[in-house]
Amino acid sequence: MISLRHVSTSFPAARGKEPIHAVDDVSLEIPRGSIQGIIGFSGAGKSTLLRNINLLERPTSGEVHVGGVELTALDDEALRRARHQIGMIFQGFNLVNNLTVAQNVELSLKFAGEKDRRVRRRRAAEALEIVDITDKAKVYPAQLSGGQKQRVAIARALATRPEVLLCDEPTSALDPFTTATVLQYLADVNRELGITVVIVTHEMEVIKALADHVAVMESGRVVEQFPARELQREGFAPHTSIGRYLVSDGISVDRDGGARTQAPTPSGDQGRAAESAEPPAPQDPPRGPRRLAASELLAAVPFEGGRR
């Protein structure tokens, strides 16, 4: 479904300094309908690699293929059309504060060129139903908890009925309970709609809970790949030091001598500051039974043009 072939992305540096190689000769194959985890510490290049997939960040070199189409060979108009099949969820939600929840979801359809307001409203309602947040359709983002905002962001990404969903640290600003809720929705849309999901994170627990395949990044390179099921196998140990660190217990604290990691700190800018996590919000309760499965909802309304 997704094929990255010798992709590199460099950024210019200050005068007299070497360019920054955010992504360095990465090749990666992601099967259709799978959930691909990309993990690494801050500065590893994982978010840049994710943005290379939909060319929000155009690679300096290499090829990006999605659904059999080489995106790196398309002109601007063809690329814009191809992006309609690639949804994206951001770490910071990226909702428009002066638009209601429903209007935020409709916005993605406007950008996709859907001019019929009735179609936009219907498809926005479908997407909100998938993530169980229809009751918030008329409220504004400021009235939502972090988990609810991320569910709206998922609905916005699903409104165009994409084949691929890219997720950039979608749970790093959420508390553990809300993280589990958001991950369940991602698992649901993958299973029920067959959407290929790529999730970038620095949290190994997210990978263990959700991914089918794992790619470990360090200093712009994919240094290791393995099936996620291996993480459950007794005795499994990644080959690289960063991989072993990621499956360890992480940080321990010596109350007399300060904090230290249980494994050697990998090279590069890996000292990530603690993420600010939201406290659980009372208005974002545990999920109840869903009224309709996602597949039933989308099957109920014919897809324009006869394709899904």
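The values are calculated or read from the model by the stated rules, or taken from the named source; none is laboratory data. All figures in this text were calculated on a predicted structure; none of them were measured in a lab. Because the Cβ atoms are built from the backbone with ideal geometry, glycine has one as well, and the counts that use them run over all protein chains shown.
Here is how the numbers come out for the structure above:
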| read-out | value |
| --- | --- |
| Per-region count, segment 74-109, residues modelled with pLDDT of 90 or more, of a type in the set (S, T, N, Q) and assigned to a loop (DSSP other than H, G, I, E, B) | 3 |
| Selection count where residues are assigned to a helix (DSSP H, G or I), in contact (Cβ under 8 Å) with a residue 24 or more places away in the chain and of a type in the set (S, T, N, Q), scope segment 136-163 | 2 |
| Matching residues in segment 110-135 - criterion: being part of a helix (DSSP H, G or I) and either hydroxyl-bearing (Ser, Thr, Tyr) or buried (at least 23 other Cβ atoms within 10 Å of the Cβ) (or both) | Arg123, Ala124, Ala127, Leu128, Ile130, Thr134 |
| Filter pass, Leu183 being within 20 Å of Ser47 (Cα to Cα) and either in contact (Cβ under 8 Å) with a residue 40 or more places away in the chain or among the charged types (D, E, K, R) (or both) | no |
| Looking only at segment 164-178, and only at residues there that are among the hydroxyl-bearing types (Ser, Thr, Tyr) and in contact (Cβ under 8 Å) with a residue 60 or more places away in the chain, the one that is nearest to His84 (Cα to Cα) | Ser172 |
| Selected residue [closer than 18 Å to Ile30 by Cβ and touching an Asp or Glu at 6+ places or on another chain (Cβ under 7 Å)] from Val164, Val189, Val200 | Val200 |
| Considering residues of segment 186-201 that are more than 16 Å from Gln91 (Cβ to Cβ), touching a residue at least 24 places away in the same chain (Cβ under 8 Å) and not β-branched (Val, Ile, Thr) only, the residue surrounded by the fewest Cβ atoms within 10 Å (Cβ to Cβ) | Gly194 |
| Phe90 vs. criteria surrounded by fewer than 21 Cβ atoms within 10 Å (Cβ to Cβ), hydrophobic (A, V, I, L, M, F, W, C) and in contact (Cβ under 8 Å) with a residue 40 or more places away in the chain | yes |
| First in segment 225-244 and on the phi < 0 side of the Ramachandran plot and of a type in the set (S, T, N, Q), second anywhere and assigned to a helix (DSSP H, G or I) and at pLDDT 85 or above, Cβ under 9 Å, 6 or more apart | Gln232/Lys208 |
| Residue match in segment 145-154 (condition: buried (at least 21 other Cβ atoms within 10 Å of the Cβ), touching a Ser or Thr at 6+ places or on another chain (Cβ under 7 Å), modelled with pLDDT under 95 and over 26 Å from Gly43 (Cβ atoms)) | yes |
| Hey, Thr171 in contact with a strand residue (DSSP E or B) (Cβ under 9 Å, 6 or more places away or on another chain), of a type in the set (Ser, Thr, Tyr) and surrounded by 23 or more Cβ atoms within 10 Å (Cβ to Cβ) or not | yes |
| The listed residue being surrounded by fewer than 19 Cβ atoms within 10 Å (Cβ to Cβ), among the polar types (S, T, N, Q) and touching a helix residue (DSSP H, G or I) at 6+ places or on another chain (Cβ under 7 Å), out of Asn97, Asn104 | Asn97 |
| When residues of segment 164-202 are limited to those that are assigned to a loop (DSSP other than H, G, I, E, B) and out of contact with any Leu (no Cβ under 9 Å at 6 or more places or on another chain), the one modelled with the lowest pLDDT | Ala173 |
| Segment 23-40, residues that are surrounded by fewer than 22 Cβ atoms within 10 Å (Cβ to Cβ) and more than 12 Å from Val198 (Cα to Cα) | Asp24, Asp25, Ser27 |
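Table: residues versus (1) touching a Gly at 6+ places or on another chain (Cβ under 9 Å); (2) at negative phi; (3) in contact (Cβ under 8 Å) with a residue 24 or more places away in the chain.
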{"residue": "Lys17", "(1), (2), (3)": "no, yes, no"}
{"residue": "Ser27", "(1), (2), (3)": "yes, yes, yes"}
{"residue": "Ile35", "(1), (2), (3)": "no, yes, yes"}
{"residue": "Gly43", "(1), (2), (3)": "yes, no, yes"}
{"residue": "Lys46", "(1), (2), (3)": "yes, yes, yes"}
{"residue": "Leu50", "(1), (2), (3)": "no, yes, yes"}
{"residue": "Leu55", "(1), (2), (3)": "no, no, yes"}
{"residue": "Ser61", "(1), (2), (3)": "no, yes, yes"}
{"residue": "His65", "(1), (2), (3)": "no, yes, yes"}
